[in-house]
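The values are calculated or read from the model by the stated rules, or taken from the named source; none is laboratory data. Please read all numbers here as calculations on a predicted model, not as lab measurements. Here the Cβ positions follow ideal geometry from the backbone for every residue, glycine too, while neighbour counts run over all protein chains shown.
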């Protein structure tokens, strides 16, 4: 069995790291041969995160590299695509693979179809509004990170759709640390492009800071400007090796989101990370957040600024409740959101059988 993995990003990109790269050791153990070829390179991704201008030549090289790897598609038994082969181009390449090759599997953890059907440019909306629907329809299998994505795949006419949540390797997530500081640490982890979600609840944090000793922790991949939260803020540079340890420094994990179509496609991965470290959570009742958060059991769902204040205040004041909810969250992750569980499901859905241990 030989698999060609075509993620969107190198390991630095969170979605590709969680949906492709973290499973590679398991594929090795299963004796499955594979090759990995991301679309974007690390230079592009670093400029994207730091909001620097990206080189058109770098972008063009990404398209050329993908074309070259596809020229040898016949060498593989399975082609695994993350989202699409070529961003902002019609789905001709997927159409060709579906008819000339052995087909492809396509994987989604974001509502990337809204990059096209909700694009501000009417030409893109007209010509590519249904691009991802075509990619899904022509695939042999769609793997969807949540119900919203799975529903879109089914309405698009995809032949086979399976739910595959974004999960964690529990070995990298130690249980919450007991710290000696007097301040309660409310924390958030995410990319620079999603800091706007943190800013949306700054008013609530500021109000709580007037009555309680709070420190706000932000784990971020870039040294970037942080929102004014009205309380002490500690920006922690993200590190793959220490990600779990950083989260374990928090007392409460949060995931604010607006109730928009793009956000409904998110896979609640932050919440799963927090819970893996035994943290209670407060989150917006949007998309998969409503599936992961059992309100009053492992955290709370907050739908307004007043609810954010109310539920965070409960957790700030009650350390025992934080521990109780954190334990419930950890138990949920152990049952439903681990690499081991996902990999077994992945092998079953795809009908993959291992062979001799090798990889390209």
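Quick look at the numbers
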item: Only listed residue being under 28 Å from residue 184 (Cα atoms) and under 17 Å from the mean Cα position of the chain (by Cα), chosen from 290, 261, 317; result: 290
item: Criterion (part of a helix (DSSP H, G or I) and buried (at least 17 other Cβ atoms within 10 Å of the Cβ)) met by exactly one of 263, 245; result: 263
item: Filtered residues of segment 36-79 (kept if in a helix (DSSP H, G or I), modelled with pLDDT under 95 and under 24 Å from the mean Cα position of the chain (by Cα)); result: 42, 43, 44, 45, 46, 47, 48, 49, 59, 62
item: Hits in segment 284-298 - residues which are touching a strand residue (DSSP E or B) at 6+ places or on another chain (Cβ under 7 Å), buried (at least 23 other Cβ atoms within 10 Å of the Cβ) and not in a loop (DSSP other than H, G, I, E, B); result: 289
item: Residue match in segment 86-97 (condition: closer than 17 Å to residue 15 by Cα and in contact (Cβ under 8 Å) with a residue 12 or more places away in the chain); result: yes
item: Residue count, segment 121-133 (criterion: surrounded by fewer than 19 Cβ atoms within 10 Å (Cβ to Cβ) and assigned to a helix (DSSP H, G or I)); result: 6
item: Residue match in segment 200-211 (condition: at pLDDT 95 or above, over 21 Å from the mean Cα position of the chain (by Cα), within 23 Å of residue 179 (Cα to Cα) and surrounded by 19 or more Cβ atoms within 10 Å (Cβ to Cβ)); result: yes
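Results for (1) buried (at least 16 other Cβ atoms within 10 Å of the Cβ); (2) not in a helix (DSSP H, G or I), shown as yes or no for each residue.
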site: 300; (1), (2): yes, yes
site: 310; (1), (2): no, no
site: 315; (1), (2): yes, no
site: 320; (1), (2): no, no
site: 330; (1), (2): yes, no
site: 334; (1), (2): no, no
site: 342; (1), (2): yes, no
site: 346; (1), (2): yes, no
